[in-house]
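The values are calculated or read from the model by the stated rules, or taken from the named source; none is laboratory data. The model shown is predicted, which means the values in this text are computed figures rather than measured ones. We place every Cβ from the backbone using ideal geometry, glycine too, and count neighbours over all the protein chains shown. All accessible areas refer to the heavy atoms of the entire protein, side chains included, with ligands and DNA or RNA removed. Shrake-Rupley method; radii C 1.70, N 1.55, O 1.52, S 1.80 Å.
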Amino acid sequence: MGTWELLLVGAVLVLGLCGVLVPGVPGSWLVWAAVAVWALREPSALAWGILVGATVVLLAAQVLRWQLPPRRLRQAGATWRLAVWAGLGALAGFCVLPVIGAIPGYVGGIYVSERLRLGSHGDAVASTRTAMRAGGSSVLAELFACLLIVGAWIGALIWG
């Protein structure tokens, strides 16, 4: 694949990651489709392995999401700023501590958003718990799966 094609696949992956945080946007499907296009245009064992792994991870994330509470973040008072902070926190955590860092980064991003909005530590902690119970855990499961796939894709580009 050429540089422009790889940049386009990367842009769709970023769009998919953002789509996970926005209700109604099929973010995980965009991530899978971008990896599928890359694997079809880059016919190697590594590319096909990443595609199979992405499929398995996304199916496991969907099964996990069915077990978690449904998304009711809007009813719980979540704002778009909360989604932005949570996403940025997950991305920063994923970069600082690869793979595992996305989880505390996501929760930390929600906490920072609520701390800025509410002002006190106790209120921010209570609001973070409410957000996680109201569907934040299902968003985290989907976002974590998509971050794993994007990380595998980047690793395949660098070392493959």
Could you tell me how many degrees, from 0 to 90 and to the nearest 10, lie between the Cα long axis of helix 3-21 and the main elongation axis, the longest principal axis, of the Cα atoms of the chain? 30
For the chain, which whole percent of the accessible surface, found with a 1.4 angstrom probe, sits on carbon and sulfur atoms? 73
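Give me the dipole magnitude in Debye, nearest 20, for segment 12-160 about the Cα centre, with unit charges on the beta carbon: positive for Lys and Arg, negative for Asp and Glu.
Values: 10 positive and 4 negative charges, 88 e Å.
In total the dipole reaches around 420 debye.
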Degrees separating the helix 102-118 axis from the principal Cα axis of the chain, which is the longest one: 40
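Whole number in Å², please: accessible area per residue of the chain, 1.4 Å probe, ligands, DNA and RNA not counted. Don't jump to the answer; show the numbers that get you there.
Details: 8780 Å² over 160 residues.
About 55 Å² of surface per residue is accessible.
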Once fully extended, how much extra length lies between Trp48 and Val125, figured as 0.36 nm per residue of separation less the alpha-carbon to alpha-carbon distance? 23.5 nm
Helix 45-67: angle to the longest alpha-carbon principal axis of the chain, degrees 0 to 90, nearest 10? 30
Could you work out the pair-distance distribution P(r) of the chain from its alpha-carbon pairs, with 10 angstrom bin width and percents rounded to whole numbers? 11, 39, 32, 14, 4, 0
